[in-house]
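Visitor: Starting off with a structure, shown below.
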Amino acid sequence: WIEADWHDALDVVVEAIKMAGKDVGVLSTPHSTLEELYLAGQLAKKLGGASDFRLRRSDFSGDAARAGIPWLGLPIAELGNCDRFLVVGSFLRKDHPLIAHRLRQAAKRGAKVNVIGCAADDWLMPIANRVTVAPSDLPAALAKAGEGAIGESLKSGKKVAILLGNLAEQHAQAATLHAL
């Protein structure tokens, strides 16, 4: 270790990045702000490298089929206007407490919440239909969901939201879950 001031240390970092060229990759935490993620992406682009924030993702096979960046598909506030939900692969209260609150409020107004997951944890709201399977069986359970009570529940809704949780995003077959 060599003690250095910030100016000298940053000069060394800049030189190392210039030498690496297109071999540079920027990994950002998904907890970063949109502005920080944007700047990290711009830095990677300027250097000719790549940028990503999906640190726990293991299946990238569906990336070519996806247009743009992944997002919820609607503002969080709009979840309250949905009358049917299907939540796949989520420990909702732990992973997404704000979304859990919105779903709980919607359920109080009569929305039906359907769940396909790997644990029968208490969501502190009425669950219309729940399928609990081993993680390896999530894609098969989701593929069959349209044929049973979950499918009937979703078909009877006017505004439906399908939400993939952290377990689904980090699943070994995440691209298959997205496609389904």
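The values are calculated or read from the model by the stated rules, or taken from the named source; none is laboratory data. None of the values given here were measured: they were computed from a predicted structure. Cβ placement follows ideal geometry from the backbone for every residue including glycine, while neighbour counts extend to all protein chains displayed. What goes into the accessible areas is simple: the full protein's heavy atoms, side chains included, and nothing from ligands, DNA or RNA. Shrake-Rupley method; radii C 1.70, N 1.55, O 1.52, S 1.80 Å.
Visitor: Exposed loop chymotrypsin sites (Phe, Trp or Tyr not before Pro) only (DSSP loop, at most 13 other Cβ atoms within 10 Å): please give the longest stretch of the chain free of them, not including the sites. Walk me through the intermediate numbers first.
Guide: Numbers: sites that count: Trp1, Phe60, Trp71.
Counting only loop sites that pass the neighbour cut-off, the longest clear stretch is 72-180.
Visitor: Determine the dipole magnitude for the range 48-180: charges of +1 sit on the beta-carbon of Lys and Arg, -1 on that of Asp and Glu, nothing else is charged, the reference point is the Cα centre, and the result goes in debye to the nearest 20.
Guide: That gives the range 48-180 a dipole magnitude of about 480 debye.
Visitor: Quick query: amide H of Val115 versus all other amide H atoms, modeled in the peptide plane; which residues come in under 5 Å with a sequence gap of 5 or more or a different chain?
Guide: Answer set, sorted by chain and number: Val87, Asn129, Arg130, Val131.
Visitor: If you rank Glu147, Glu35, Glu169, Glu3 by how much accessible surface each has, with a 1.4 Å probe, what is the order from largest down? All intermediate terms of the calculation are to be shown ahead of the outcome.
Guide: Values: Glu147 150, Glu35 125, Glu169 50, Glu3 185 Å².
Sorted descending by solvent-accessible area, the residues read Glu3, Glu147, Glu35, Glu169.
Visitor: Something else now. Is the range 113-166 best put as rounded, prolate or oblate by its Cα gyration tensor, with a ≥ b ≥ c the root eigenvalues, rounded for a/c under 1.5, and otherwise prolate when a/b is larger than b/c, oblate when not?
Guide: The shape class here is oblate.
Visitor: Under the 0.36 nm per residue contour assumption, what length would be gained going from the current alpha-carbon distance of Ala149 and Asp23 to full extension?
Guide: Once the chain is fully extended between Ala149 and Asp23, it gains 40.4 nm.
Visitor: How much FRET efficiency would the formula 1/(1 + (r/R0)^6) give for Lys108 and Ala64, where r is the Cβ-Cβ distance and R0 is 45 Å, rounded to 0.05?
Guide: The pair Lys108/Ala64 has a calculated efficiency of 0.65.
Visitor: GNM on the chain, C-alpha springs below 10 Å: top fluctuator among Lys108, Lys22, Lys94?
Guide: With Cα springs under 10 Å in the chain, the top fluctuation among Lys108, Lys22, Lys94 is at Lys22.
Visitor: Right, another one. Please give the net charge around Leu177, taking every other residue with its beta carbon less than 10 angstrom from that of Leu177, where Lys and Arg add +1 and Asp and Glu add -1.
Guide: Neighbourhood net charge equals -2.
Visitor: Hey, any idea what % of the chain's accessible area is carbon plus sulfur with a 1.4 Å probe?
Guide: With neighbouring chains kept in place, the figure for the chain is 59 percent.
Visitor: Next question. Among Leu163, Leu34, Leu98, whose mean-square fluctuation peaks in a Gaussian network model of the chain (Cα, cutoff 10 Å)?
Guide: Leu34
Visitor: So, one more: Could you check the simple spin-label distance between Thr132 and Leu74, using points 7 Å along Cα→Cβ, in nm with one decimal?
Guide: 2.9
Visitor: Got a sec to turn the phi values of the range 116-122 into Karplus ³J(HN,Hα) couplings, 6.51 cos²θ - 1.76 cosθ + 1.60 with θ = phi - 60°, whole Hz, x for Gly and Pro?
Guide: So the Karplus estimates, Gly and Pro as x, are 10, x, 10, 8, 9, 6, 7 Hz.
Visitor: Using only Cα atoms, tell me the angle between helix 34-47 and the longest principal axis of the chain; keep it within 0 to 90° and round to the nearest 10.
Guide: Computed tilt is about 50 degrees.
Visitor: A follow-up question, please. Answer rounded, prolate or oblate for the range 55-166, using the Cα gyration tensor with square roots of eigenvalues a ≥ b ≥ c: rounded when a/c is under 1.5, else prolate when a/b is larger than b/c, else oblate.
Guide: It is rounded, given that a/c, with a ≥ b ≥ c, falls under 1.5.
Visitor: With a sphere of radius 11 Å drawn around the Cβ of Ser90, what net charge do the other residues whose Cβ falls strictly inside it have (Lys, Arg +1; Asp, Glu -1)?
Guide: Net charge in that neighbourhood comes out at -1.
Visitor: Moving to a separate point now. Quick one: what are the phi-derived ³J(HN,Hα) couplings along the range 135-142, Karplus 6.51/-1.76/1.60 with θ = phi - 60°, whole Hz, x for glycine and proline?
Guide: x, 5, 9, 4, x, 5, 5, 5
Visitor: Let me ask something else. For the range 1-106, what does the alpha-carbon gyration tensor say about shape, rounded, prolate or oblate, given a ≥ b ≥ c as the root eigenvalues, a/c under 1.5 as rounded, and a/b over b/c as prolate?
Guide: Working: a/c = 3.06, a/b = 2.20, b/c = 1.39.
Here the range 1-106 falls in the prolate category.
Visitor: Sticking with this one: Roughly how many whole Å is it from the C-alpha centroid of the range 1-80 to that of the range 136-180?
Guide: With the range 1-80 and the range 136-180 each reduced to a Cα centre, they are spaced 29 Å.
Visitor: Moving on. Could you run the Karplus curve 6.51 cos²θ - 1.76 cosθ + 1.60 with θ = phi - 60° over the range 71-80 and give me ³J(HN,Hα) per residue in whole Hz, x for Gly and Pro?
Guide: Rounded to whole hertz, the list is 8, 4, x, 6, x, 4, 4, 6, 4, x.
Visitor: Taking the Cβ of Arg56 as the centre, find all other residues whose Cβ is under 13 Å away and add up their charges (Lys, Arg: +1; Asp, Glu: -1).
Guide: -2
Visitor: Still on this model: Give the angle, between 0 and 90 degrees and rounded to the nearest 10, that separates the Cα long axis of helix 6-20 from the longest principal axis of the Cα atoms of the chain.
Guide: Helix 6-20 sits at roughly 80 degrees to that axis.
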